[in-house]
1. For the stretch 53-107, what is the accessible area per residue in Å², given a 1.4 Å probe and the full set of protein chains?
2. Please work out whether the stretch 75-193 counts as rounded, prolate or oblate from its C-alpha gyration tensor, where a ≥ b ≥ c are the square roots of the eigenvalues and a/c under 1.5 means rounded, while otherwise a/b larger than b/c means prolate and anything else oblate?
3. Would you pull out the residues with amide H under 5 Å of ARG160's amide H, same chain only if 5 or more places away, H placed 1.01 Å from N?
4. Cβ under 9 Å from ALA116's Cβ, ALA116 left aside: what net charge do those residues give with Lys, Arg +1 and Asp, Glu -1?
5. So, with a 1.4 angstrom probe, what is the percent of accessible area on the stretch 59-199 that is carbon and sulfur?
6. Show the residues, 5+ positions off or on another chain, whose built amide H is closer than 5 Å to the amide H of VAL114.
7. For ILE95, what residues show an amide H to amide H distance below 5 Å, using hydrogens built from the backbone and excluding near sequence neighbours?
8. Label the stretch 52-111 by shape, choosing from rounded, prolate and oblate, from the square roots a ≥ b ≥ c of the eigenvalues of the Cα gyration tensor; if a/c is under 1.5 it is rounded, and otherwise prolate applies when a/b is larger than b/c, oblate when it is not.
Amino acid sequence: MHEKHKNSHSKHGSHGKMSYLENPARKNDLSPEKLLSLIPISETDTVLDFGAGTGYFTIPAAKAVTGNVYALDMDAEMLDVIKAKALHAEIENIIPVHTDGSDIPLPDERVDLVIASLVLHEIRPLDQTLTQMKNVLKDSGHLICIELEPKGESSHKAPRITLAGMEQEMEDAGFRVVERVFPSESLYVLIVQKQGKVR
């Protein structure tokens, strides 16, 4: 992942990010429950929440499945928040995964579902991370990408990716687009699937 992404998780930046991630208004656009009702998730699935933040999707996903939910983030402080929430809710199937951003430290074909919410637009080069996601997914596993559609000129600080641009990135990485969902005017959910190996 690029340096700018790494630097965005400074101690000072964490608190501002945490305020946003914990803002109840987020649920107006896309609540975790609504997302889970839209996507192909099974009770026995193993899930990777990529860029888990404070566990906005991690906690509900862990309640919805019996498999492990890997909460991956570059910010150890965020993972501490998730651990505390899991302890409070008596959830035992969340596994925090701290990374420096250079890789996804999970074995190949470990997870059924990857959730990447408002994070992929920050990553350069994106193709390497998408390849790693494909590697950790089981055959026919799904990747759920949630992003904001850019309006007008995209600022350099937060380079958003259009739905069309993200679809191209996914197809180039070897994913098949399954569905597009628009929870609000500015938000899109792209559901893609790893192509199974030819037997």
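1. 44 Å²
2. Judged from the Cα gyration tensor, the stretch 75-193 comes out prolate (a/c at least 1.5, a/b above b/c).
3. So ARG160 has HN proximity to SER155.
4. Once all neighbours under 9 Å are counted, the net charge is -2.
5. After summing per-atom areas, the C and S share lands at 49 percent.
6. It is LEU48, HIS142, LEU143, ILE144, by chain and number.
7. Result for ILE95 returns VAL69, TYR70, ALA71.
8. Since a/c reaches 1.5 but b/c is at least a/b, the shape of the stretch 52-111 is classed as oblate.
The values are calculated or read from the model by the stated rules, or taken from the named source; none is laboratory data. The structure presented is a predicted model; accordingly, all values stated were derived computationally and were not measured. Heads up, the Cβs are rebuilt from the backbone with ideal geometry, glycines too, and the neighbour counts pull from every protein chain shown. These accessible areas exclude ligands, DNA and RNA; they are computed on the full protein's heavy atoms, side chains included. Shrake-Rupley method; radii C 1.70, N 1.55, O 1.52, S 1.80 Å.
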